[in-house]
Each structure stands twice: as C-alpha cells, then as structure tokens.
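The values are calculated or read from the model by the stated rules, or taken from the named source; none is laboratory data. All values derive from a computational prediction rather than experimental measurement. Positions of Cβ are generated from backbone atoms using ideal geometry, with glycine treated the same way; all protein chains shown enter the neighbour counts. Keep in mind that these areas ignore ligands, DNA and RNA; they rest on the heavy atoms of the full protein, side chains included. Shrake-Rupley method; radii C 1.70, N 1.55, O 1.52, S 1.80 Å.
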Amino acid sequence: MTSKSPAEPNQNLPESGAEDPSNHLDGPEGLKSLARASAARILPDDQADKFATEFVKDFLASVMDGEGEGMVSIGVSRTVAKHHSGPLPPAETLEGYDRIVPGAAERIIAMAERDQRAYIASRNKQQDSDNIFRLVAYGGGLIGLFAILGVGTWLAFSGYEKAAMAVFGMGAAAVITAFVNAWKK
C-alpha cells in the first residue's frame with residue numbers, strides 16, 4: 001500500500017551532499033542549492049557548483065522579462081511515500097474504514113486472525129504429511145534391504161556365490177543411495 005501526501009511548501013528538505021540542511025529552499029539560493037544537490041550525485045563537487053550557478057543564471061534569465069522587472073517565485077515541494085506490508089492495513093487506514101463502516105476494523109482484524117490460523121493449520125498438515133511419507137519411505141527401504149539380504153543369503157547357500165555377491169553389491173549400493181538421498185531432503 002502506498003500513499004503520497006505533499007509537504008508544506010518551502011519546508012527544509014534533506015539534500016544529497018548538503019553541508020547545512022537548515023538552509024531554506026526558497027528563492028534563487030534555494031534553487032541553486034537544489035540544483036547543486038542534484039548535480040552532486042553525478043558530477044564532482046567543483047563541477048556541481050559550476051553547474052548549479054549556470055543553471056540558476058540561465059533559469060532566471062529565461063523567466064525574467066527583458067528589463068529585469070519580472071518577478072520569480074520559486075517553491076519546492078516534497079512528496080512522502082509510505083510503504084506498508086502485512087496482513088493488516090496501516091492504523092490510519094484501519095481507522096478510516098472504521099469511521100465509514102463502524103465495526104469494520106474489528107472485522108478486518110478477525111479476518112486476518114482467521115487467515116493466520118488457516119495458514120498455520122495448512123503448514124502443520126503439510127509437515128505431518130511429509131513426516132508420514134518419510135516414515136513409509138524408510139520402512140520400504142528397510143523391507144527392501146531385508147529382501148536383498150534374504151535373496152543374497154539363499155543364493156550363497158544354494159551354491160551361487162557369484163550371483164549372491166552381485167545381489168549383495170548392487171542391492172546394498174541401491175539401498176545406501178536411497179537412504180542418503182532421503183536424508184538430504
């Protein structure tokens with residue numbers, strides 16, 4: 001949520017690189033100060049000063065009439081932007097809703113509380129589901145390990161030693177890989 005409000009004219013504004021922020025920003029000196037602060041962001045100090053002086057001179061020449069009898073009024077305004085993020089609007093906005101619709105603030109807060117409870121319940125359900133999946137996966141891996149051991153032992157006692165070694169080697173490698181990958185998650 002972003003809101004903008006103009007500041008009072010001729011209010012002191014913080015300037016980039018300004019030594020004395022208490023300087024007023026009205027009149028030619030204020031314009032020069034503002035031009036210098038803007039130029040100082042991209043130019044060295046000595047060039048920023050020169051730019052500001054030339055800018056004010058050219059600006060005043062362009063707005064004055066030929067005889068120098070014109071009057072120039074220079075004002076500076078500031079826009080303040082506020083950013084708010086969260087489940088509730090800022091307090092000022094909430095008060096505004098409550099003025100327009102009595103009880104709206106309480107209803108908005110209750111809605112945010114319900115939303116938070118639903119979010120927490122959803123996260124807990126997801127965590128429980130993940131835990132059950134891990135237990136089933138570990139159980140399946142353990143059953144697979146015992147099956148490999150059983151088949152390998154039966155092959156070894158039946159005289160198929162090379163086949164038993166292959167079952168033990170590949171089976172153990174597969175089970176170990178599955179456990180390692182499950183543990184990383």
Two pseudo-spin positions, 7 Å from Cα along C-beta at residue 178 and at residue 133, lie apart in nanometres by 1.7 nm
Using label points projected 7 Å from each Cα along Cα→Cβ, tell me how many nm separate residue 78 and residue 124, to one decimal.
4.8 nm
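Among the trypsin sites (Lys or Arg not before Pro) in the stretch 92-152, which ones are in a DSSP loop with at most 12 other Cβ atoms within 10 Å of the Cβ? Mind listing them?
Values: sites: 99, 107, 114, 117, 123, 125, 134; in loops: none.
In loop regions of the stretch 92-152 (DSSP not H, G, I, E or B), there are no sparsely surrounded trypsin sites (Lys or Arg not before Pro).
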With DNA, RNA and ligands ignored, accessible area of residue 42 (1.4 Å probe; Å², nearest 10)
140 Å²
First compute the accessible area of the stretch 133-185 with a 1.4 Å probe, then give the percent of it belonging to carbon and sulfur atoms.
79 percent
